[in-house]
Every structure is written in structure tokens, then in C-alpha cells.
Amino acid sequence: MATSGTFTSSDGVTLAFTDSGPATGDGRTVVLVAGYAMPATGWALQEDALVAAGHRIVAFDRRSHGASHDVVRGQRIARHGADLHELLVTLDLDDVVLVGQSMGASTIWAMVDLFGTDRVAGVLTVDQTPKMINTADWPHGFFGMTPETSGTFFDAGIPDTGRGARVDPTNPGVMRLVERIGGMPAVRQANAPETRWLLRDHGQQDWRDVVGRLDVPFVMVAGRDSQLWPCSHAEAAIGANPHGSVVVIEDAGHATNLDQPDVFNEVLLRFVRER
């Protein structure tokens, strides 16, 4: 049974999290960070698997996501990374595995960039390219996003690329999540006033140097049929970093952990166990 909690960030925002599983024991603590507009409850299928394996799970709602307060200020990936670090400090969490899907991955990279990996045992990211703008040296960005279009690319929300696996609310994984939490996750309106600048800032970032110098074990999971970017981003991002590895999940789109929850959970549990 998960307990809910909140803390106040250094800039005065009330941020929410849930805490489940054993507080003590041999299991690793895993911190889950959801993607843009998604609440922490979207991780329920992963939480169940991790708790059953004896791990403590902290699922974080970023500002203006889930149960955290809506604010216009601080809607930058760097501030979200600082918020994640403040969560670790507030709960006195060390030696954790950080798991981030989509924008949640960028939040983790921002935290590592700002504060390093002293509290981190490993990082697992889910279908997030570290650079969303396509350039001559990086063809692994958001489909159709170029330096010329990047400033207005998200003005109407997240565009439909017409590529990859289509979003399907009747997907078996989604239906399992709905049954597990008693309804659809409380997804925020994409490009809502509180977060529209966050989405634009997200699109402008380049985290390749952060991925390239990660000094803890990390896995970049990609959906073979992601509707946002090619799965080749993971292999290209890791490059020669000996700490990194790639897992491409078949028959999965951007929401890889929901499209193929059992396959993804096997990857996640193995990574956490090996830390």
C-alpha cells in the first residue's frame, strides 16, 4: 500500500510523491519520474512488480503534474531536475535507481548535470532522445523537428507525426493500468498554460554530453515503433560510454512501459537487481 506525501521545494512549490514497499531491507530504492502531462499513478504496473521483488518505490509528481501544485514559475527542465534532487535530499535517499520516461528522463539528466551522481546507483530511461532537434550530425530527433521549426514546434501541443505505433486507449497494457488504479490516469492537458513553456524548453535541450559522461550504470530503453523519434537514438547517444547499454522493445511505441508492460518490467527488474 502506497503512502502519499508532499514537500516544499526551495522556491516554495508543494510537490507530491508516493512511497511504497519496504522502507528497510535488502531491496534497492527506485525513484520513478513520469513523462510530460503524466501522473505518478501511470507507473502502477511497474510499482507492483518492483514491490513484489522487495524494493522501495518513490513515484514523483513533478510541478504541475499529478498531485503536485500548479505553478507557472519554474517550468524549465533544469528546475524540474533541481526538484528531483530536493526530493532525494528531503527523503534522505542514497544509492537509488532513477527511472524516467520521456520528459522524466530529461529531468534525470538535468539533475545529474547539476548535482552529479553521488546519490545514484543507476539510471534507466524510457524512450527519450537526448536531443529533439534534428541536425546534420543528429538524425535521431523528434520526427520533423528542425532548427528552423523548433521555436514554434509545440505551439499547438505535441504534434501527431503520423509515424510509429498509434496511441490506443484499448491497448491491453493501458487497460491493465486502468483496472489497477480504478480509472484512466489523471493526465494533464497537453500544452496547458502551466506547462507550455516547459514543453518548449524540453524541445530545445541537448543532453548528449550528460549521457556521454554518466559515471553509473545506465540503460536506455527504446520502443521499436516510437511515434516520436527513431529508436536509433539510444545507441547513438551512448556512443563509447562503457557504463551504458541499450534495450529496444519490440511492438512498443513511445509509452513503452504501457505498450509492453511485462517485457519492460523484466528489463527494469533485471537492471535494478544487478545494481
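The values are calculated or read from the model by the stated rules, or taken from the named source; none is laboratory data. These figures come from a predicted structure and were not determined experimentally. Positions of Cβ are generated from backbone atoms using ideal geometry, with glycine treated the same way; all protein chains shown enter the neighbour counts. To get the accessible areas, we keep the full protein, side chains included, count just its heavy atoms, and leave off ligands, DNA and RNA. Shrake-Rupley method; radii C 1.70, N 1.55, O 1.52, S 1.80 Å.
Just name the residue that is farthest from VAL58 (Cα to Cα) out of those in the range 1-41 that are part of a loop (DSSP other than H, G, I, E, B) and without any contact (Cβ under 8 Å) to a residue 24 or more places away in the chain.
The selected residue is GLY12.
Of all the residues that make up the range 231-243, how many are within 17 Å of the chain's Cα centre (by Cα) and not in a helix (DSSP H, G or I)?
The qualifying residues number 1.
Within the group ARG56, ARG79, which residue is of a type in the set (Lys, Arg) and either within 21 Å of ARG188 (Cβ to Cβ) or surrounded by 23 or more Cβ atoms within 10 Å (Cβ to Cβ) (or both)?
None of the other options fit; the residue is ARG79.
Out of curiosity, is ASN191 open to solvent by less than 50 Å² (accessible area, probe 1.4 Å) and over 22 Å from THR146 (Cα atoms)? Give the derivation first.
On the way: open to solvent by less than 50 Å² (accessible area, probe 1.4 Å): yes; over 22 Å from THR146 (Cα atoms): no.
No; evaluated as a whole, the condition is false for this residue.
Per-residue answers, yes or no, for (1) closer than 12 Å to PRO230 by Cβ; (2) modelled with pLDDT of 95 or more:
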| site | (1), (2) |
| --- | --- |
| ALA121 | no, yes |
| ASP127 | yes, yes |
| PRO130 | no, yes |
| ASN134 | yes, yes |
| TRP138 | yes, yes |
| THR146 | no, yes |
| THR149 | no, yes |
| PHE154 | no, no |
| ILE158 | no, no |
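Scan the range 121-162 for residues that are charged (D, E, K, R), touching a helix residue (DSSP H, G or I) at 6+ places or on another chain (Cβ under 6 Å) and either surrounded by fewer than 17 Cβ atoms within 10 Å (Cβ to Cβ) or not in a strand (DSSP E or B) (or both) and report the count.
Here the count works out to 1.
If I ask for residues that are touching a strand residue (DSSP E or B) at 6+ places or on another chain (Cβ under 7 Å) and assigned to a loop (DSSP other than H, G, I, E, B), which ones from the range 63-98 would you list?
Scanning the range 63-98 gives ARG63, GLY66, ALA67, SER68, HIS69, LEU91, LEU93, ASP95.
If you go through the range 61-76, how many residues are surrounded by fewer than 21 Cβ atoms within 10 Å (Cβ to Cβ) and either under 11 Å from ILE108 (Cα atoms) or small (Gly, Ala, Ser) (or both)? Before the answer, list the steps.
As a first pass, look at the range 61-76 and keep what is surrounded by fewer than 21 Cβ atoms within 10 Å (Cβ to Cβ): 67, 69-74, 76.
This time we only want the ones that are either under 11 Å from ILE108 (Cα atoms) or small (Gly, Ala, Ser) (or both), so: 67, 74.
Residues that pass the stated criteria total 2.
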